[in-house]
Amino acid sequence: MRLLLVEDDERVAAALVAVLGRHGFQVRHARSGHEALDALVPDGNEPYRVVLLDLGLPDRDGFEVCSRIRAGSGVPVIMVTARADIRSRIHGLNLGADDYVTKPYDMGELLARIHAVARRGAAPAAVAAPAPDTVPRQRGPLESRGIVIDRERRRVSVDGRDVPLTRKEFDLLALLAQSPGVVYRREQIFSEVWRSGWEGNGRTLEVHIGSLRTKLALPGLVEAVRGVGYRLIPECPAPAAVSPPPARAEH
């Protein structure tokens, strides 16, 4: 499995390359954001299955690099960084990172996370192909309230307007759209979309729901069910009937 390591610290990179090599990975080491983006340009070789991305790069911020990667590729990205604050974590995930690991980390856990995102990553031969174990299995476009969710192409449009979504935003919307009106528990959402437990990750889910509402310009599309989870409202609620005013008696 080919892996792109983006890390400017030579000692950290050398240790990672050695360990990853012993576990069967073919690792390319990029020392800057520019070098990382160049490495991802298709060159006829086997595509990278995972990118390990440090945020503190010498030429540009790792968040910008992640955004650039996600704009042109579906390769899974794991942010590996010393920034442990929750705002950085949420920002990274909202940009489209598939996972976020803080230093120092356990090497066994990092290896497990690499294999996990590689399993649910895009098919190497077609970057835009859906990951079969994260996208609901129903095929074909779904249409509701002017929304078209094309699972095959992983594209979403609203009233003919294309709406760019991150990988997790698309998977979240596709899951809820699988059964409109049905409440999906938070635990179930994290199990299906993030492949992890939701404990301690409630804010991450809220951020992704809020981002969906904003990007789709349909604030009432996803409804929160207090203490349970979320559901997709398939149709706009009908306006309440207004009774005509009573006729005034003539004198």
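The table below lists the values:
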quantity	calculated
Over the range 145-231, equivalent-ellipsoid semi-axes from the Cα gyration tensor in Å	21, 14, 12
Built amide H within the under 5 Å cut-off of R83, gap 5+	K103
Rounded to the nearest 10 Å², the accessible area of F63 at probe 1.4 Å	30 Å²
Separation in nanometres of the label points that stand 7 Å from Cα toward Cβ, at R11 and E187	4.4 nm
Given charges at beta-carbon only (K, R positive; D, E negative), |dipole| of the range 1-106 in Debye	220 debye
³J(HN,Hα), Karplus 6.51/-1.76/1.60, whole Hz, each residue of the range 2-17, x for Gly, Pro	7, 9, 9, 9, 10, 7, 8, 7, 4, 5, 4, 5, 4, 5, 5, 4
³J(HN,Hα), Karplus 6.51/-1.76/1.60, whole Hz, each residue of the range 153-164, x for Gly, Pro	9, 6, 10, 10, 9, 10, 6, x, 9, 5, 10, x
Translational diffusion coefficient (Stokes-Einstein; Kirkwood radius from C-alpha pairs) of the range 1-84 at 25 °C, 0.890 mPa s, in µm²/s	192 µm²/s
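The values are calculated or read from the model by the stated rules, or taken from the named source; none is laboratory data. Computed from a predicted model, the values in this text were never measured in an experiment. Cβ sites come from the backbone with ideal geometry, for glycine too, and all protein chains shown count toward neighbours. Protein only, heavy atoms only, side chains kept; ligands, DNA and RNA dropped before computing areas. Shrake-Rupley method; radii C 1.70, N 1.55, O 1.52, S 1.80 Å.
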